[in-house]
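Trainee: For reference, the structure I am asking about is given below.
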Amino acid sequence: MSATAEPTITAKPHLPDAQTVTSVKHWTDRLFSFRVSRPKTLRFRSGEFVMIGLMGDTGKPLLRAYSIASPAWDEELEFYSIKVPDGPLTSKLQHIKVGDEIILRPKPVGTLVHDALLPGKRLWLLSTGTGFAPFASLLREPETYEKYDQVIMMHTCREVAELAYGQALVESLSDDPLIGELVGDKLRYYPTTTREPFHHMGRVTDNLQSGKVFADLGLPKMNPEEDRAMVCGSLAFNVDVKAILEGFGLHEGANSDPKQFVVEKAFVGDGI
Ligand SMILES: Cc1cc2nc3c(=O)[nH]c(=O)nc-3n(C[C@H](O)[C@H](O)[C@H](O)COP(=O)(O)OP(=O)(O)OC[C@H]3O[C@@H](n4cnc5c(N)ncnc54)[C@H](O)[C@@H]3O)c2cc1C
Ligand SMILES: NC(=O)c1ccc[n+]([C@@H]2O[C@H](COP(=O)([O-])OP(=O)(O)OC[C@H]3O[C@@H](n4cnc5c(N)ncnc54)[C@H](OP(=O)(O)O)[C@@H]3O)[C@@H](O)[C@H]2O)c1
């Protein structure tokens, strides 16, 4: 045997539970979306969230909860993210590029799932800001249209530009070869702004309480026999919407106890 030295291969160190970034799109200076490879063994229900992150400066993983924005059938995973200027994770995550790795803990959980709701006629998806993310998954999930006659997507942001990710996603549905036909004319999209002029304005809460959204869409007032809802926004938004839904006679459900609506926080804290 000759004693020639093997060439040294300096492979990039792999992160634990590493997945590779396949695309990144910046929507505004505060919002971006990205897609990563999907672990072959990862099974999840559309609407659930996982922990994702990067390696922190201390050498420990820096992880945060993220709704999976892609549907359960997608070969990749998509995420829709805020950029918090001094946020421990997103101050770094906003700079990821195609080919980079992120950490993804493959343990999906969450309450914004079909199993947590009793059968109904109409499904209301109510969100603000990045609270749209779990609904980006559910809007591409065939079960959403198989289970309901009508699906109403209400999304409110301060400014028009912050609606762009949701708008593009909704527009893409009719051309989607897998679910385009299923969606048909079942989906009613109701985006609004609160701080910049737009064709429809006002908080989700105000538009529900005043009855404006029912009048605009030609729908009856929400009732516990026909209507089901999923809610995802800041804590204040969730609390206020919950009170309104309860006022319509709907009750909050859970995975173990399906009822008429379910709620999940889009983030922890009061806002940036
Ligand atoms: C169940 C669950 C699901 C989540 N899903 C998503 C998701 O799909 N996309 C996403 O961007 N974030 C999501 N978050 C928030 C996410 O976990 C992080 O908080 C966010 O990525 C910011 O991380 P950070 O370390 O940069 O700052 P953090 O220290 O985590 O947050 C700093 C502050 O920024 C504000 N903030 C954090 N996240 C948001 C947000 N999304 N919108 C507005 N203000 C925010 C809060 O005031 C928070 O106190 C989710 C949180 C929970 C609990
Ligand atoms: N630095 C920046 O450029 C910048 C820009 C925007 C936001 N921010 C900060 O980022 C944080 C998160 O922003 P965000 O836009 O994701 O979330 P947000 O401030 O909670 O607002 C998102 C939308 O939800 C509405 N809303 C807020 N509370 C509500 C409630 N209780 N019931 C019904 N509707 C409610 C808001 O309406 P209203 O407009 O009526 O409140 C707004 O249209 C905020 O705290 C904000 O201060 C920073």
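The values are calculated or read from the model by the stated rules, or taken from the named source; none is laboratory data. Everything numeric in this text was worked out from a predicted model, so none of it was measured. Don't worry about glycine lacking a Cβ; one is built from the backbone with ideal geometry, like all the others, and counts go over all protein chains shown. Side chains included, ligands, DNA and RNA excluded: accessible areas come from the protein's heavy atoms. Shrake-Rupley method; radii C 1.70, N 1.55, O 1.52, S 1.80 Å.
Trainee: Check cross-link reach from Lys121 to the lysines: straight Cα distance under 19 Å, and skip same-chain residues fewer than eight apart.
Mentor: Partners found: Lys147, Lys186, Lys221, Lys259.
Trainee: For the chain, set up a Gaussian network in which alpha carbons nearer than 10 Å are linked by springs, and say which option among Ser210, Ser234, Ser174 fluctuates the most.
Mentor: Residue with maximal mean-square fluctuation among Ser210, Ser234, Ser174: Ser210.
Trainee: Using only Cα atoms and rounding to the nearest 10 degrees, what angle (0 to 90) does helix 164-173 make with the longest principal axis of the chain?
Mentor: Between helix and principal axis, roughly 80 degrees.
Trainee: Counting trypsin sites (Lys or Arg not before Pro) as exposed when in a DSSP loop with at most 12 other beta carbons within 10 Å, what is the longest stretch of the chain free of them?
Mentor: Of all site-free stretches, the longest is 98-194.
Trainee: Still on this model: Relative contact order, percent, of the chain when contacts are C-alpha pairs under 8 Å separated by at least 6 residues? Don't skip to the answer; put the middle values down first.
Mentor: Details: 550 pairs, mean separation 49.4, N = 272.
About 18 percent, as a whole number.
Trainee: Under the rule of at least 5 residues apart or a separate chain, name every residue whose amide H is placed under 5 Å from the amide H of Leu31.
Mentor: Lys83
Trainee: In nm, give the distance between the simple-model label positions of Val239 and His200, each being 7 Å from the Cα along the Cα-to-Cβ direction.
Mentor: Simple spin-label model gives 2.7 nm for this pair.
Trainee: Still on this structure, I have one more. Leaving out ligands, DNA and RNA but keeping every protein chain, what accessible area does His200 have, in Å² rounded to the nearest 10, with a 1.4 Å probe?
Mentor: Estimated to the nearest 10 Å², His200 gives 50 Å².
Trainee: Moving to a separate point now. Which whole-Hz couplings ³J(HN,Hα) result when phi for each residue of the stretch 244-254 is put into the Karplus expression 6.51 cos²θ - 1.76 cosθ + 1.60, θ = phi - 60°, listed in order with x for Gly and Pro?
Mentor: 5, 4, 5, x, 7, x, 8, 10, 6, x, 8
Trainee: Given charges of +1 on the Cβ of Lys and Arg and -1 on the Cβ of Asp and Glu, with all other atoms neutral, how large is the dipole of the stretch 15-95 about its Cα centre, in debye to the nearest 20? Write down the numbers at each step before the final one.
Mentor: On the way: 11 positive and 9 negative charges, 14 e Å.
In debye, rounded to 20, the stretch 15-95 gives about 60.
Trainee: Skip the ligands, DNA and RNA, and give the accessible area per residue of the chain with a 1.4 Å probe, whole Å².
Mentor: I get 49 Å² per residue for this part.
Trainee: Hey, what do the phi angles of the stretch 144-157 turn into as Karplus ³J(HN,Hα) couplings, whole Hz, using 6.51/-1.76/1.60 and θ = phi - 60°, x for Gly and Pro?
Mentor: Along the stretch 144-157, the couplings run 4, 8, 6, 8, 10, 6, 9, 10, 10, 9, 9, 9, 10, 10 Hz.
Trainee: To the nearest 20 debye, what is the magnitude of the charge dipole of the chain about its Cα centre, counting +1 on the Cβ of each Lys and Arg and -1 on the Cβ of each Asp and Glu?
Mentor: Charge dipole, the chain, about its Cα centre: 460 debye, nearest 20.
Trainee: Could you name the aspartates and glutamates whose alpha carbon sits less than 19 Å from that of Lys60, not counting residues in the same chain fewer than 8 places away?
Mentor: Hits, sequence-local ones excluded: Asp17, Asp86, Asp100, Glu101.
Trainee: If you average 1/r over every pair of different alpha-carbon atoms in the chain and take one over that average, what Kirkwood value in Å do you get?
Mentor: 19.6
Trainee: Quote the accessible area belonging to Ile96 in square angstrom, nearest 10, computed with a 1.4 Å probe and with ligands, DNA and RNA left uncounted.
Mentor: 10
Trainee: Got a number for carbon plus sulfur as a percent of the chain's accessible area, 1.4 Å probe?
Mentor: Carbon and sulfur together cover 54 percent of it.
Trainee: Could you compute how much accessible surface Asp216 exposes when probed at 1.4 Å, giving the result in Å² to the nearest 10?
Mentor: Taking all protein chains as shown, Asp216 has close to 70 Å².
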